[in-house]
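The values are calculated or read from the model by the stated rules, or taken from the named source; none is laboratory data. Keep in mind that what you see is a predicted model, and the values were worked out from it rather than measured. Don't worry about glycine lacking a Cβ; one is built from the backbone with ideal geometry, like all the others, and counts go over all protein chains shown.
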Amino acid sequence: GAGVSQTPSNKVTEKGKYVELRCDPISGHTALYWYRQSLGQGPEFLIYFQGTGAADDSGLPNDRFFAVRPEGSVSTLKIQRTERGDSAVYLCASSFGQSDTQYFGPGTRLTVL
Amino acid sequence: KQEVTQIPAALSVPEGENLVLNCSFTDSAIYNLQWFRQDPGKGLTSLLLIQSSQREQTSGRLNASLDKSSGRSTLYIAASQPGDSATYLCAVSGGFKTIFGAGTRLFVKA
């Protein structure tokens, strides 16, 4: 079956612009995670969805970051007023449930100029 | 606050060697521990998942152990091959968060 997909694969934007990153999880997976990965580091947790609700958003760096999952499937990570420090690879993962194997998408590489 | 440390940060071995990667974590209240592989410029591939009630898991040439009380896990790779070259990441899940280590970069020389 299809794995986790993320679009776009690459996004270049200018400082101060708004961006949206999309994640399509594996069908039937109720749990969805967003992470951010900088070069040479492990992924950093941002937010966890169980169904439509954000069960834990404590990893979001500040109020410029927001994520939604309105129908319990596709999720969008939204970043307002982007800063150069937001440049990273944004990864999405999904799993059947909270304690199950996470399956990762290929990531979106965000570059803020 | 959960912290995950992986040692060594990088490792280079000749083909055919058996090797051990180490992962330690500070909070033993976890649901599970996962080992992932990441190839350059790619996403993560799950290798093994160990639930908190389990001691080890095996898949092919890979064996992962978990000792919750001491906050340690090891990933054993038998008869390493050049195709095993990648970054190996350890991740612990507790509550709703998953916390990753920085990874071990493995290079297997032919």
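With the requirement that a residue be closer than 18 Å to A:Tyr33 by Cα and in a strand (DSSP E or B), what does the stretch B:1-36 give you? B:Asn32, B:Leu33, B:Gln34, B:Trp35, B:Phe36, listed by residue number. Evaluate the following for B:Gly71: is it over 23 Å from A:Gly40 (Cα atoms), crowded, with 16+ Cβ neighbours inside 10 Å, in contact with a Phe, Trp or Tyr (Cβ under 7 Å, 6 or more places away or on another chain) and at pLDDT 95 or above? Spelling it out, B:Gly71 is indeed over 23 Å from A:Gly40 (Cα atoms), crowded, with 16+ Cβ neighbours inside 10 Å, in contact with a Phe, Trp or Tyr (Cβ under 7 Å, 6 or more places away or on another chain) and at pLDDT 95 or above. Evaluation of B:Glu17 against the conditions (1) under 22 Å from B:Thr58 (Cα atoms); (2) in contact with a strand residue (DSSP E or B) (Cβ under 6 Å, 6 or more places away or on another chain) shows that the sole unmet condition is (2).
Report, by residue number, each residue of the stretch B:79-110 that is surrounded by 15 or more Cβ atoms within 10 Å (Cβ to Cβ) and either away from chain A (no Cβ under 14 Å) or among the acidic types (Asp, Glu) (or both). Quick ask: steps written out before the conclusion?
So the first thing to find is which residues in the stretch B:79-110 are surrounded by 15 or more Cβ atoms within 10 Å (Cβ to Cβ), and the list is B:80, B:84-106, B:108.
Listed by number, the residues that qualify are B:Ser80, B:Asp84, B:Ser85, B:Leu106, B:Val108.
In summary, strands (runs of 3 or more DSSP E) completely within the stretch A:60-113 and bearing 2 or more residues that are within 14 Å of chain B (Cβ to nearest Cβ) occur at A:88-95, A:108-112. Of the residues screened, A:Phe45 is not one that is aromatic (Phe, Trp, Tyr), over 22 Å from B:Lys42 (Cα atoms) and within 14 Å of chain B (Cβ to nearest Cβ). Filter the stretch A:17-35 down to the residues that are within 11 Å of the chain's Cα centre (by Cα) and under 13 Å from A:Ala67 (Cα atoms) and list them by number. A:Glu20, A:Leu21, A:Arg22, A:Cys23, A:Leu32, A:Tyr33, A:Trp34, A:Tyr35 - these are the residues of the stretch A:17-35 that are within 11 Å of the chain's Cα centre (by Cα) and under 13 Å from A:Ala67 (Cα atoms). Only one of the listed residues (B:Leu75, B:Leu89, B:Leu49) is in contact with a Leu (Cβ under 6 Å, 6 or more places away or on another chain) and assigned to a strand (DSSP E or B). That residue is B:Leu75.
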